[in-house]
Structures are given as structure tokens and as C-alpha cells.
Amino acid sequence: MNTHYLVIQSPALASDHCEQVAALSQAQGLLRLSATAARLLDVQHDDATRAEVRAWCENAGVDHAFMPKGSALSQCKVLAMDMDSTLINIECIDEIAGVAGVKDKVAAITEAAMRGEITDFSESLRRRVALLAGQPAQALEQVYRDKLRLNPGAESLIASARDAGIRILLVSGGFTFFTERLRERLGLDEAHSNTLEIVDGKITGRVLGDIIDAAGKAERLQAFARRHGAAAEQIIAMGDGANDLKMLGLAGFSVAYHAKPVVREHTRFALNVSGLDGVLNWFER
């Protein structure tokens with residue numbers, strides 16, 4: 001007896017996509033969820049089928065997720081999200097650097113760190129922050145006002161998670177200036193990130209306290225999950241960069257969101273073309 005269904009989604013999901021994946025997965029039925037998503041019923045989910053479906057979907061620009069029958073969002077207890085390039089559309093430090101005229105230098109370090117080419121995130125952050133020394137703190141507000149936008153589907157995902165009784169954690173290697181504003185704006189339960197030192201209205205080029213790196217993100221999620229009685233299979237965690245991998249490894253629903261290849265290789269799920277609310281289509285109720 002087939003015990004799984006398969007959700008496929010894309011901004012440009014065509015009938016041909018549905019037919020092709022239905023054939024590959026030997027689906028016994030199809031339910032069109034919306035113009036951008038469909039659920040294929042009673043599919044094969046052996047390793048060979050999964051690999052074939054994954055390869056086809058990646059080539060076609062279609063997101064997919066195999067799910068056990070009866071999956072409900074309300075079975076989850078925790079949603080943990082990275083901030084930069086996951087919840088929001090930018091890398092905040094790169095945009096601050098843009099105001100300071102050193103974006104190319106900072107962005108190069110950021111990109112290498114997110115790809116996993118720089119393994120010491122704390123050191124990479126210190127190097128980037130040092131390049132901001134002397135800049136007016138007003139640059140932070142300018143970035144928040146002019147550059148920062150929520151990624152598509154963010155508000156829908158958060159509202160649905162909250163309605164399902166899920167606790168929401170924002171954990172970031174970025175800065176409290178942004179995470180605290182997002183926590184208040186979106187009604188998140190907790191937010192953890194790094195604190196830029198500001199003296200006399202200027203960025204000093206230093207970070208205060210312990211830096212939240214990959215291990216720090218995992219520790220915050222672990223503690224948050226413990227407080228809310230969430231087992232691994234009740235945690236959804238979403239991120240895009242190498243410094244999210246330890247956090248993602250704690251979640252039964254580990255999601256690479258428009259992520260670097262190193263992240264997609266180590267997560268159970270990936271949203272490469274869909275918005276954040278693509279997660280909601282995975283669940284039957």
C-alpha cells in the first residue's frame with residue numbers, strides 16, 4: 001500500500017509538469033491545490049523513484065516534497081527561520097556596506113561564507129564588521145527602510161504557523177537592529193542575533209558579546225525546542241547558507257530556501273522557486 005503523497009509547485013506549474021511527475025512517481029490520483037501547486041496521491045517513494053523525481057524537478061524548475069499521508073501542520077510545534085536571504089530579501093551587512101561604499105569587499109566575504117568556503121563564520125563576520133567602522137548608525141535605519149523586504153510568502157507562512165499553535169523563532173548571524181524590528185512587526189516568539197557596537201552614533205567596527213555562528217544558531221534552536229516540548233520531527237527549520245546547516249540538522253523538516261548547493265545537499269526539503277509559504281502546501285490540513 002502506498003503511504004505517501006507528493007507535492008509539486010512552481011510559479012509556472014503546467015499540466016505537463018503534473019503529468020510527467022505523476023508518471024515518474026506512479027501516482028494514483030492528482031489534486032490541483034492552486035495554479036502553482038498540485039498534490040499527487042498514493043505515489044511510489046522508494047529511493048530510486050525519489051532520485052528520479054528529484055532530478056526531473058530540479059531540471060524543470062519545480063519544487064517537490066514527498067510526505068506521509070495524514071501530515072498536518074498542527075503536528076509541528078516550532079518554526080525556526082534564518083533572517084538574511086531567508087525571511088528577508090537581502091544580506092543586511094552587505095547593504096550597510098553599500099551605504100558605506102565598501103559593498104564589494106563585504107559581499108565577497110559574505111558570499112564565500114554562505115557557500116561554506118570560509119569555515120570560521122565568527123572571523124568572517126568580524127572582518128566584515130571591521131570594514132564598517134566609522135559609519136553612522138543611521139545607515140541601519142536606511143537599510144531597514146529602503147532595502148529590507150519580506151520574502152514572498154513570509155506573512156502567510158507565519159500567520160498559518162501561529163494559527164496552528166506553532167512557536168516561531170528567528171535566529172540569525174545578522175544584527176539585533178533588524179531581528180528585533182522583525183520580531184515585533186511579525187509577532188514572533190523570540191529572535192536571537194548579534195549586536196553591533198555603536199558609540200556616539202557611529203558603528204565602531206566591533207560586535208558585542210559572543211557571536212551567533214552555526215553552533216550558536218543550533219544552540220538557540222535546541223533550547224527553544226526544549227522549552228516548547230518539540231521533538232525533532234515537530235520542528236520546521238529554514239535557511240539558505242552554510243552557517244544554517246547545524247540548525248537545520250536538528251529539524252525533521254529541514255528546508256533549504258533558495259539556498260546554496262551545500263545546503264540543498266544536506267536538507268530533507270528544498271524550496272528553490274516557490275515562496276516561503278510553499279511549506280504550507282506540503283500538509284494535508
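Each value in this text was obtained by applying a stated rule to the coordinates, not by laboratory testing. These numbers were taken from a predicted model, which means no experiment stands behind them. All Cβ positions, even for glycine, are placed from backbone atoms using ideal geometry, and neighbour counts span all protein chains on display.
Summary table below
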| quantity | calculated |
| --- | --- |
| Over the stretch 71-285, relative contact order from alpha-carbon pairs under 8 Å, at least 6 apart, % | 28 |
| Rounded FRET efficiency, nearest 0.05, which uses the C-beta distance separating Ala23 from Ala232 and R0 of 35 Å | 0.55 |
| Expected 222 nm ellipticity per residue - DSSP helices of 4 or more, -39500 (n - 2.57), all of the chain, to 500 | -11000 deg cm²/dmol |
| Crossing angle, helix 103-114 versus the chain [Cα axis fit, 0-90 degrees, rounded to tens] | 50 |
| Whole-Å distance, taken between Cα centres, linking the stretch 146-213 and the stretch 240-285 | 19 |
| Extension reserve of the Ser74-Gln142 stretch, reckoned as 0.36 nm per residue once the Cα distance is removed | 20.7 nm |
| Gain upon complete extension [Asp46, Arg285; 0.36 nm per residue less C-alpha separation] | 83.6 nm |
| Sites Asp104 and Glu180 - FRET efficiency at Förster radius 25 Å, r taken between beta-carbons, to 0.05 | 0.30 |
| Model label zone, Arg115; criterion: amide N under 12 Å from point 7 Å along Cα-to-beta-carbon; scope the stretch 61-90 | none |
| Reachable aspartates and glutamates, given that their alpha-carbon falls under 12 Å from the alpha-carbon of Lys103 and they are not under 8 places away in the same chain | Glu91, Asp94, Glu95, Glu111 |
| Entries of Lys77/Lys147; Lys147/Lys246; Lys77/Lys217; Lys202/Lys260 with Cα pairs more than 22 Å apart | Lys77/Lys147; Lys147/Lys246; Lys202/Lys260 |
| Translational D in µm²/s for the chain (Stokes-Einstein at 4 °C, 1.567 mPa s, Kirkwood Rh from C-alpha pairs) | 66 |
| Neighbour-count order for Val143, Val273, fewest beta carbons within 10 angstrom listed first | Val273, Val143 |
| Translational diffusion coefficient (Stokes-Einstein; Kirkwood radius from C-alpha pairs) of the stretch 42-107 at 20 °C, 1.002 mPa s, in µm²/s | 134 |
| Relative contact order %, the stretch 80-150, counting alpha carbon pairs below 8 Å whose residues are six or more apart | 42 |
| Cα-derived Rg over Rh, computed across the stretch 141-237 with Rh taken as Kirkwood radius | 1.00 |
| The stretch 135-222: trypsin sites (Lys or Arg not before Pro) in DSSP coil with no more than 12 other Cβ atoms inside 10 Å | Arg149 |
| Using alpha-carbon coordinates, inclination of helix 15-25 to the longest axis of the chain, degrees | 70 |
| Leu30-Val262 FRET efficiency (beta carbon distance; Förster radius 45 Å; 0.05 resolution) | 0.85 |
| Rel. contact order, % - alpha carbon contacts under 8 angstrom, at least six apart, the stretch 1-69 | 47 |
